[in-house]
1. Find how much the distance from Lys116 to Arg134 grows on full extension, using 0.36 nm per residue of separation minus their present alpha carbon separation; answer in nm with one decimal.
2. If you rank Lys90, Lys60 by how much accessible surface each has, with a 1.4 Å probe, what is the order from largest down?
3. Using 1/(1 + (r/R0)^6) with R0 = 22 angstrom and r between the beta carbons of Glu43 and Ser108, what's the FRET efficiency to the nearest 0.05?
4. Counting Lys and Arg as +1 and Asp and Glu as -1, what is the net charge of the other residues whose Cβ lies under 9 Å from the Cβ of Ala55?
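The values are calculated or read from the model by the stated rules, or taken from the named source; none is laboratory data. Note that this is a predicted model, so its numbers are computed, not measured. All Cβ positions, even for glycine, are placed from backbone atoms using ideal geometry, and neighbour counts span all protein chains on display. Side chains are part of the model used for accessible areas, which takes the heavy atoms of the whole protein and leaves out ligands, DNA and RNA. Shrake-Rupley method; radii C 1.70, N 1.55, O 1.52, S 1.80 Å.
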Amino acid sequence: MRSLLAFVAFLLATGCVGTEPGPATPARKSEPSLGDARAPDFELRTLDGGNVRLADDFGKNVVLIDFWATYCQPCLVALPHLDALYQKYKGRGFVVLAVAIDEAALGSRVRVEASKLRLSFPVLLDPETEVVARYNPKSSAPYSVLVGRDGRIVSRREGYTVG
């Protein structure tokens, strides 16, 4: 994930995220592929009870969809770095949507971890695992999908490397 964070920072700093797909890992079976007309839309509930819809950001913002879990130590290490990146670039149209892949019954655990980490971006719950199944069928964590302002998938990354 660290390389993805550097990649996102570079793209936002240079204004390059828009219409050109960038480097990424190949799509897995049933994942939307790079350069699709649009990333598949979804709407999920936030920890605070609101709803977030991906398509609301199309044409306006660069969106990083980050799949994480409370039992995933690399995720818990990566999230504060991701929050710092979000804080730095949110004024330039950078949005982070953190989708918890924990079991639906662990929603309270997700809330506790997000609170401990003081995450300032939306943490989303996917109790039916529809978004996870569409974007991250292996349920890898951490796993990130970068969506350009035009709504196309620009990049995908799995894992996080400290250092």
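1. Values: separation 18, 0.36 × 18 = 6.48 nm, distance 2.88 nm.
Contour length minus the Cα-Cα distance gives 3.6 nm.
2. Ranking Lys90, Lys60 by accessible area, largest first, yields Lys60, Lys90.
3. Working from the Cβ atoms, E equals 0.50.
4. Every neighbour counted, the sum reads -2.
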